[in-house]
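Beneath this line is the structure, given in structure tokens, with notes to follow.
The values are calculated or read from the model by the stated rules, or taken from the named source; none is laboratory data. Here the structure is a predicted model, which means the values were calculated and not measured. Note that we place each Cβ from the backbone using ideal geometry, even for glycine, and neighbour counts take in every protein chain shown.
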Amino acid sequence: MASPFSINGGACVAMVGKDCVAIACDLRLGLQSMTVSNNFPKIFSYGNVYLGLTGLATDVSTVSDLFRYKVNMYRLREERSISPQTMANLVSTSLYEKRFGPYFVSPVVAGINHTTGKPFICGFDSIGCIDFAKDFIVSGTASDQLFGTCEGLWEPDLEPEDLFETVSQALLNAVDRDALSGWGAHVYIIEKDKVTKRLLKGRQD
Amino acid sequence: MASSLIADPTSSSHNLYSFSPSDQTASDIRQHSFYPYTDNGGSTLGITGNDFAILAGDTRSTSGYSINSRYAPKVYRIGGEDETGEGAHIVLSLVGYAADGTALQERLNTVVKMYKYQHGKRMTVKACAQRLATILYSKRFFPYYVQAILAGLDEDGRGALYSYDPVGSYEREQCRAAGAAASLIMPFLDNQVNFKNQYMPGSGEGHDLHAKQAEPLPRQEVERLVKDAFTSATERHIEVGDGLQMLIVTAKGVEETFYPLKRD
Amino acid sequence: MNHLPQAWGRPRDDIYGHYDPSHLQTAGPNAHTQQPIVTGTSVLAVKFKDGIVIAADNLASYGSLARFTHVHRLRPFNDRALVGFGGDISDMQYLDRLLNSLDVNENYGSPGHVLNAQNLHTYLSKVMYKRRSDMNPLWNSMLVVGLDGDDKPFLSSVDLLGTTFSSPTLATGFGGHLAQPLLRKLADDESQVKDVTREKAVAAVQECMKVLFYRDARSLDSYSIAVITKEGGVELKEDEQLEGQSWAFADTIRGYGTQVN
């Protein structure tokens, strides 16, 4: 039996730029080696915070819905939208609640903190250990490949357009070397008062 | 007590002896618990240009989480005149199980030397590549546990590079990464050497954009890419680091360079 | 005596329990070494300016039993090469005999020519690789030390898989985890070897033997140490005792026996 993390396949990456962040994912949904959908986005938005989820597809859906509920409840109680840092802690504690029967997902959080104006990204393991990174976060079945491309292409203080090119090339070239990821991509470039979502056409094989 | 040591044929025991005859069949055969392979980590990388070929490898040797040595080369000169490899025109990198690597390197080196002694001319890279495949396949059922990359200059003086799996299937390529960090380096190479996923700006609208065509890169550029690839792999893979050794084949012969990598 | 040879001189099942007959097999696969039996632990070695220091303790363990306490695991080959053995002791003795016959043959065949440490290492690594390829390994990890063809200090290792590597400092077994990090403080790089004196190297190795005795449960405080230089040849001391041990810390730790509970 394959690992639950690699049954459906998928990849996600987030990067920090100059006063901006990027988060991108592929669109494949598979059952082992068979592709069943080429329109399965793995990034979900919660106000101005973005959550990428790779891993077992059923858990991706469940967890994304769970956080929609939790973030909505937060907004109603607090009468303000959630900051990326708070979101990170919410993800962490929620995953740890399931310490001994985890969701098989590797989440990535990206956003700009509207109080400080600073970009923020982080990643998690499936039981909520947070990885605060200053450069980039990768997750999914193409994570090895993404580490290679990101480490090779990323540089500090990229402007939004350059960050878009960097994150797109990093993702596209990584998923082309992973049989379980690919089939197009979604890329979000998040600036302080603007979010640009682009749909990339990748290799269809 | 003493009497019990002596078999009594008249006793009620249905067996004359203390053991049953079936004991002698020795049916439970014990299995080997010896595993003849290990992984010594590290990564290698080869890129060709118009009139040169570069083979590079890090110099770390590991077993598990331990570092055996910070300087254990895995790129070799093939067909040299003495043990220093002087006069070699082919280079070979072997990553995986280091003991098989050394054995295979010695074997191919001998073959290439014997070829020269017997035929009075240097073995071509193409012939050497085919011979290496044969050697690897000859151990199909007890393989050399290595990923090999062979490089040199072809009959037209252009960079030639062949990559292999452990049992000898091979192909000629422009570039190839092998070993522990191959999965990190290879997509970077696709992008920076073969320009994969890159398009010519303004060459068309949307899906009509023309892909950027790959062309051989100049040597300075290739050396820069190799260093970039290895510093990146060192950063993210624990089995890669310590030093970067490069063998560069040109018409003049084989040059060697060394560049320190992080040792953590 | 009876007509069943299998019964001759055989422990009785009704008294000694069922006898495992798998050792009696004559058919089936050949019996090869599956695991080490009597073993020696770490071997350490450091290069210095004009030679090498190598050390190993004098213990041969039988599992967790400290079985033989005067086993010399540093075997000099000639006055310019020495092998330090870790792993199975019987395989060590076999290899020692093999190396002796090699030395004898070499001296008969080509008098005047002596094998150096580098030659010896090449020979040993081929023996080890051949045996692993036959799926019949010699269960050892060895450090080969001495002088190479240019009379320069030589230090290299071989193990049961035929894996070889070289470094300014080396340690086999447990020493790879405990001693190697300490030894690397002396010389982390070949270029630093020229700054290491004989005294510093010997002191570092002795300190590491102490650390190993503290923390390696299969170690002993009596050890062998050898220094090999061009001038002095092999200077081997086989009955050294660890000095300056401090067990003061044990007083404060429960479980070392000073407290009742």
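Just one of (1) of a type in the set (Gly, Ala, Ser); (2) without any contact (Cβ under 8 Å) to a residue 12 or more places away in the chain; (3) under 15 Å from residue C:165 (Cα atoms) fails for residue C:141. It is (2).
On inspection, residue B:231 does not qualify as away from chain A (no Cβ under 14 Å), over 18 Å from the mean Cα position of the chain (by Cα) and hydroxyl-bearing (Ser, Thr, Tyr). When residue A:198 is tested against (1) within 13 Å of chain B (Cβ to nearest Cβ); (2) within 23 Å of residue B:235 (Cα to Cα); (3) touching a strand residue (DSSP E or B) at 6+ places or on another chain (Cβ under 6 Å), exactly one condition is not met: (2).
Inspect the range A:131-138 for any residue being more than 9 Å from chain B (Cβ to nearest Cβ), of a type outside the set (Phe, Trp, Tyr) and surrounded by 24 or more Cβ atoms within 10 Å (Cβ to Cβ) and give the result as yes or no. The answer is yes; a qualifying residue exists. Would you check if there is a residue in the range B:182-197 being in contact (Cβ under 8 Å) with a residue 40 or more places away in the chain, buried (at least 21 other Cβ atoms within 10 Å of the Cβ) and away from chain A (no Cβ under 14 Å)? For the range B:182-197, residues in contact (Cβ under 8 Å) with a residue 40 or more places away in the chain, buried (at least 21 other Cβ atoms within 10 Å of the Cβ) and away from chain A (no Cβ under 14 Å): absent. Could you give every pair whose Cβ atoms fall below 8 Å, whose first residue belongs to the range A:82-110 and is more than 14 Å from residue A:64 (Cα to Cα), and whose second residue is part of a helix (DSSP H, G or I) and not β-branched (Val, Ile, Thr), counting only separations of at least 6 or pairs across chains? Once the first residue is more than 14 Å from residue A:64 (Cα to Cα) and sits in the range A:82-110, its partners that are part of a helix (DSSP H, G or I) and not β-branched (Val, Ile, Thr) give A:82/A:74; A:82/A:75; A:82/A:90; A:86/A:74; A:102/A:95; A:110/A:84.
Under 30 Å from residue B:104 (Cβ atoms), buried (at least 20 other Cβ atoms within 10 Å of the Cβ), at pLDDT 95 or above and out of contact with any Pro (no Cβ under 9 Å at 6 or more places or on another chain): which single residue out of C:60, C:81, C:56 fits that description?
C:81
Just to be sure, is residue C:137 more than 19 Å from the chain's Cα centre (by Cα) and surrounded by 16 or more Cβ atoms within 10 Å (Cβ to Cβ)? Judged against the criteria, residue C:137 is not a match. All conditions in (1) at pLDDT below 95; (2) buried (at least 16 other Cβ atoms within 10 Å of the Cβ) hold for residue C:111, with the sole exception of (2). For the range B:50-86, a tally of residues being at pLDDT 95 or above, surrounded by fewer than 21 Cβ atoms within 10 Å (Cβ to Cβ) and more than 13 Å from chain C (Cβ to nearest Cβ) returns 2.
Only strands (runs of 3 or more DSSP E) whose full extent lies in the range A:1-94 are considered here, and the ones with at least 2 residues that are out of contact with any helix residue (DSSP H, G or I) (no Cβ under 7 Å at 6 or more places or on another chain) and surrounded by fewer than 19 Cβ atoms within 10 Å (Cβ to Cβ) are A:34-37.
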